[in-house]
Amino acid sequence: MKLFYAAGASSLAPHILLEEIGQVYQLERVNLDTKTWAGGDYNQVNPNSYVPALETDDGHLITECAVILEYLGLRNPTNNLIALYDSDDYWQKRMYLNYIATELHKNFISPFRRGNWLPDTKHSKELIYSRVFPRLRYLNQILLTEDYLVNNQFSAPDAYLFVMTGWLQRLALSFKDLAGLAKFDQRMRQRPAVQRVLAQEGQPHSLQE
């Protein structure tokens with residue numbers, strides 16, 4: 001498999017899952033400013049210009065973070081990252097994947113955002129926080145008493161949520177009244193797979209064009 005990524009972007013989540021499941025994979029870093037990678041024009045890989053994108057073993061390309069996470073989870077059922085299709089566990093995990101994708105991920109995108117960068121101005125950060133805080137508070141209530149989102153065990157949605165808590169920190173947004181999420185973020189950073197991924201990716205991409 002080949003993962004197209006940018007350090008600190010949502011591609012961090014499938015990168016974590018690839019490490020968690022012990023999958024053999026190749027990393028291809030994408031420059032979000034120039035839309036290029038080692039092979040040239042990234043738009044030729046993904047016309048939407050963003051990451052993540054996953055090239056499977058049989059040469060197919062999968063995009064959209066939540067879909068890639070589900071794909072990796074279903075290919076490795078023993079890890080229980082998604083669970084068996086049509087089980088209660090499966091639907092709970094899909095519910096959280098979609099909640100994070102639509103209610104959190106997209107609300108981090110401000111009208112002031114240009115290209116693929118998290119906006120880093122006072123006005124844009126205030127707008128982001130007003131949008132994401134109520135949605136974060138919902139997940140925070142779960143994580144006040146649970147280590148992870150579903151059945152108190154690490155799964156695919158947790159990798160995605162970790163991207164969101166990382167973005168809060170990068171934008172210097174407050175974890176005030178989000179104690180559950182703050183503990184979750186620290187817990188995730190203690191996982192060996194997460195530590196390996198953060199070391200591999202290095203400094204996140206710039207917040208500015």
Please identify every one of the chymotrypsin sites (Phe, Trp or Tyr not before Pro) in the range 153-209 that sits in a loop by DSSP and has no more than 16 other beta carbons within 10 Å of its own beta carbon. PHE175
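With the radius of gyration and the Kirkwood radius both derived from the Cα set of the range 82-191, what is their ratio Rg to Rh?
Details: Rg = 14.2 Å, Rh = 14.4 Å.
Ratio value, two decimals: 0.98.
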What are the radius of gyration and Dmax of the chain, computed over its Cα atoms and given in Å? 16.4, 47
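Could you pull out the pairs from LYS2/LYS106; LYS106/LYS176; LYS93/LYS122; LYS125/LYS183; LYS35/LYS93 whose alpha carbons sit more than 28 Å apart here?
On the way: LYS2/LYS106 25 Å; LYS106/LYS176 22 Å; LYS93/LYS122 34 Å; LYS125/LYS183 22 Å; LYS35/LYS93 32 Å.
Pairs exceeding 28 Å: LYS93/LYS122; LYS35/LYS93.
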The range 125-209: trypsin sites (Lys or Arg not before Pro) in DSSP loop, at most 13 other beta carbons within 10 Å: LYS176
Per DSSP, the loop-located chymotrypsin sites (Phe, Trp or Tyr not before Pro) within the range 30-102 having at most 12 other beta carbons within 10 Å are TYR85
DSSP beta bridges in the chain, what fraction antiparallel, as a percent rounded to 5? 70 percent
Under unit Cβ charges (Lys, Arg +1; Asp, Glu -1), what dipole magnitude, rounded to 20 debye, does the chain have relative to its Cα centre? 740 debye
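Rule-based calculations on the coordinates, nothing more; no lab input. The structure presented is a predicted model; accordingly, all values stated were derived computationally and were not measured. Virtual Cβ from ideal backbone geometry, glycine too; neighbours counted across all protein chains shown.
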